[in-house]
1. Treat every Asp and Glu Cβ in the stretch 452-505 as -1 and every Lys and Arg Cβ as +1, leave all other atoms uncharged, and give the resulting dipole magnitude about the Cα centre to the nearest 20 debye.
2. So, with +1 on the Cβ of K and R and -1 on the Cβ of D and E, and no other charges, what is the size of the charge dipole of the chain about its Cα centre, to the nearest 20 debye?
3. Taking the Cβ of Ala152 as the centre, find all other residues whose Cβ is under 15 Å away and add up their charges (Lys, Arg: +1; Asp, Glu: -1).
4. So if R0 is 22 Å, what FRET efficiency would His90 and Tyr478 give, r being the distance between their Cβ atoms, rounded to the nearest 0.05?
5. So what are the ³J(HN,Hα) numbers for the stretch 378-383, from phi and the Karplus equation (6.51, -1.76, 1.60; θ = phi - 60°), rounded to whole Hz, Gly and Pro as x?
6. From Cα pairs below 8 angstrom and at least 6 apart in sequence, can you work out the relative contact order of the stretch 330-514, rounded to a whole percent?
7. Ordering His223, His449, His90 from largest to smallest accessible area (1.4 angstrom probe), what's the sequence?
8. What is the distance in Å between the Cα centroid of the stretch 291-368 and that of the stretch 505-551?
Amino acid sequence: MDTQVKLDRRDSLLALTHILFAFGALALGGFAGLLQGMVKGGNFKLPWGVGYYQLLTAHGVLMALVFTTFFIVGFLYAGAAYTTGGAMRHGVRKAGWWGFGLMAGGTILTVIMILLGQASVLYTFYAPLKASPLFYIGLTLVVVGSWISGFALFAQYRSWRRANPGKLSPLFLFMAIVTMTLWLIATLGVAAEVLLLLLPWSMGWVPTVNVMLSRSLFWYFGHPLVYFWLLPTYICWYVVIPKLIGGKVFSDALARLSFILLLLFSIPVGFHHQLTEPGISSAWKFVQVVLTFMVIVPSLMTAFSLFAMLELSGRAKGAKGMFGWFRKLPWKDVRFFAPFMGMVIFIPAGAGGVVNASNQMDQVVHNTLWVTGHFHLTVASSVALTFFGLIYWLVPLLSGRKLTATINKLGMAQTWIWVAGMFLMSGSMHIEGLLGAPRRTAFATYNDHATALSWIPFNRLLGIGGGVLFVGILLILYIILELAFFAEKDASGEEQFQLAEVAEDAQKTPAILENWKVWVGLVVVLILFAYTVPIIEMLREVPGSKPWITW
Ligand code: HAS
């Protein structure tokens, strides 16, 4: 990659606007999380008539849907502009702003409806709980805005390929296109659910809604949603981290293949969120569990590739002995350390996912705090810590400022605070879940039932962990504002886009990995195989439900 490429200031502004909006959502969602943790701790009553499920809806929408989507679109824009010569085409940039405007407008509308108490339906907005139609319209605008951004990235990619016939695309750009292809195919499910089922029903145009079908369409989207979060995290682990540690990408072909496998197997698996639900035959649940175990493979390939990259970079610096390479890693550089802690946490996080996917074990953990613990390790640690790690070089690059030694030190402290808070909170959730504590509940002792009383010490730890995490959020908000608006200006242009070269001895990448007709065609076949019959059965056999407003 030619390090002399400079990012066009207009694209830097577009990317930075997305990233700052994302951290605004993190601030609001984090405050809701703090209050939830205090309620769970058992000694705090919500004031001002705020409902626990209203808070939980705000927390889930802002953290899981808004923080992630805006950050990812901003990160992919910056990388796509950089790897295609430093500037987006004019039409692409214009579409980018339109996409941002729709996403931001939809987010504001959705959050207003939640704060007005018109949408305490949680981030999965399961029917028959019914929110205000404006809540669903707001979320629809966010999805449509992200589609515009996705097609803008496709246009940039296509113009690069036309200008470079027969050449393999830059690895970052390829990974960005896989991420956006996954997102566009997956969001078709939630768009169908909202536009065809929930909106007409919430408007009162139809009396009932097919609950099974709406939930299945949500999870058709909901599981690939987690890989929409994970793929940009893997982009950082595959192509940014090697640069930061003075290493190289271990294998371009393996990296691209892992992304293709995640694209293929992350969508036809939504039933693994519905293993205990009626209305879906065990045969089709079994099919989607098998496909779920297929989706674990690219993550194991990633683990192998990361270990190889870490070790080879250390050996290249003269590391000796089995683990000498470990000491050669840049432990005091927060740009490496925060994502690295995300990687380490992803080991137990992923293992928990394997437990969830095992039909028999899922009967024990489903709808318990165990699952909440799982995703606070996956998205709220592995993904979040990696996104935090990216801002230390990406935001200064976009804002024309510098990562100073003081901010680096603050960042190291913020990472440790996050790890400590998550250890307390997610650890308590996992244990409590195994003791039978349900998820998505405020504080209750169920009439002082002995089992419920055994949860209380863990609830207290959970609340303390939530408080520690909120300190981490305040710190990262201070850091990003410093990096964006107040840190020393980078007059000499030292800050670089951190992208590694591929190792010289890496094997040649087969051209078929960039043959989109093959891979998108295979995705469609897998989706039709996994979903056609069960969806027809739901349409035929599942009765409709009237709306319920329980808050
Ligand atoms: Fe999950 C529920 C299964 C990964 C997020 N998951 C959720 C929910 C969320 C979520 C948000 O099968 C709750 C949704 C709700 O509200 O109900 N999950 C899996 C499986 C994986 C998995 C099989 N989940 C994720 C990721 C997420 C995420 C990633 C977010 C980013 N999950 C489930 C299931 C449920 C579920 C069921 C439903 C449960 C229920 O009953 O409701 C796999 O992708 C995991 C594969 C990953 C690994 C780990 C590989 C390790 C790597 C790092 C290596 C580290 C290195 C560095 C090299 C097997 C790549 C360390 C270096 C050293 C020196 C130590």
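1. That gives the stretch 452-505 a dipole magnitude of about 780 debye.
2. Details: 36 positive and 22 negative charges, 138 e Å.
The calculated dipole for the chain is roughly 660 debye.
3. +3
4. So, using R0 = 22 Å, E works out to roughly 0.05.
5. Coupling constants for the stretch 378-383: 6, 6, 7, 10, 4, 6 Hz.
6. Relative contact order comes out at 29 percent.
7. So the residues, ranked largest to smallest area, are His90, His449, His223.
8. Using only Cα atoms to place each centre, the spacing works out to 27 Å.
The values are calculated or read from the model by the stated rules, or taken from the named source; none is laboratory data. Keep in mind the model is a prediction, meaning the values are calculated, not measured. So basically every Cβ, Gly included, is an ideal-geometry build from the backbone, and we count neighbours across all protein chains shown. The protein model used for the area step is the full one, side chains on, heavy atoms only, and it has no ligands, DNA or RNA in it. Shrake-Rupley method; radii C 1.70, N 1.55, O 1.52, S 1.80 Å.
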